[in-house]
1. Name the pairs: first residue in region 55-68 and within 19 Å of Lys31 (Cβ to Cβ), second residue of a type in the set (S, T, N, Q) and at pLDDT 95 or above, Cβ to Cβ under 6 Å, at least 6 apart or on different chains?
2. Being among the hydroxyl-bearing types (Ser, Thr, Tyr) and farther than 19 Å from Phe52 by Cα is the filter here; which residues of region 130-147 pass it?
3. Counting only residues that are buried (at least 17 other Cβ atoms within 10 Å of the Cβ) and over 19 Å from Leu122 (Cβ atoms), which one in region 75-87 is modelled with the highest pLDDT?
4. With the condition kept exactly as written, say whether any residue in region 108-118 is among the small types (Gly, Ala, Ser), within 21 Å of Val41 (Cα to Cα) and modelled with pLDDT of 95 or more.
5. I need the full set of residues from region 117-148 which are touching a residue at least 40 places away in the same chain (Cβ under 8 Å) and among the β-branched types (Val, Ile, Thr), in order please.
Amino acid sequence: MEARKLISGVILPLAVLLLIASCAKKPYVAKEDEEIYGTWVNTSYGTTKDFFSQKRIYKPDGTLEEYGGMADIAHLAYKYTIIDKWTDSEGNIWYKLITEYGDKTYGSRPAYELRKISNSALTLEFVFSMDNYPTEIDPNHRYYFIYYRQ
């Protein structure tokens, strides 16, 4: 009788937890040579979307620098974390990121971002939301952006 209680009260729940843990997706660990790293530009920004940067540099240390123009002086810097990465059937590379936007005056807030790097590795498109991860990259979305590898 005691053995049954032990099995049903301790061992069975422990086995269920181990099964769930083994099926859970492991967190993504960024590599030293992620495709997103580097400089991305779109010189039409700053005119059509006045407050968005023309140049973005993603660094392997998890920092993102934004430049209002093509000059070499960053006007904003943020921290980002790669949450997930996958490649679709067309060879496009997808990322889910969390980026901490904000500053000392207004505080920071996470943005949930879905990013796609084209299979040519020359185009970066993304959409972000302050509430949850976007489910698609929609060019008509209020916060849709496109950049090109420099």
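1. Ile57/Thr39
2. If the condition is that a residue be among the hydroxyl-bearing types (Ser, Thr, Tyr) and farther than 19 Å from Phe52 by Cα, then Tyr133, Thr135 are the ones that fit.
3. Narrowing region 75-87 to residues buried (at least 17 other Cβ atoms within 10 Å of the Cβ): 78, 80, 82, 85.
From what's left, over 19 Å from Leu122 (Cβ atoms): 78, 80, 82.
On the way: Tyr78: 88, Tyr80: 93, Ile82: 96.
For region 75-87, the residue satisfying everything is Ile82.
4. So the first thing to find is which residues in region 108-118 are among the small types (Gly, Ala, Ser), and the list is 108, 111, 118.
Pick out the ones that are also within 21 Å of Val41 (Cα to Cα) and you get 111, 118.
After this cut, where a residue has to be modelled with pLDDT of 95 or more as well, the list is 118.
For region 108-118, residues among the small types (Gly, Ala, Ser), within 21 Å of Val41 (Cα to Cα) and modelled with pLDDT of 95 or more: present.
5. Start the filter on region 117-148 by keeping residues that are touching a residue at least 40 places away in the same chain (Cβ under 8 Å), which leaves 117, 121, 124, 145-148.
The answer is Ile117, Ile146.
Every residue, every condition in (1) among the hydrophobic types (A, V, I, L, M, F, W, C); (2) surrounded by 13 or more Cβ atoms within 10 Å (Cβ to Cβ); (3) under 9 Å from the mean Cα position of the chain (by Cα); (4) not in a loop (DSSP other than H, G, I, E, B), yes or no:
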residue: Ser89; (1), (2), (3), (4): no, no, no, no
residue: Tyr101; (1), (2), (3), (4): no, yes, no, yes
residue: Arg109; (1), (2), (3), (4): no, no, no, yes
residue: Leu114; (1), (2), (3), (4): yes, yes, yes, yes
residue: Ala121; (1), (2), (3), (4): yes, yes, no, no
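The values are calculated or read from the model by the stated rules, or taken from the named source; none is laboratory data. All figures in this text were calculated on a predicted structure; none of them were measured in a lab. Here Cβ is always computed from backbone atoms with ideal geometry, including for glycine, and neighbour counts include all displayed protein chains.
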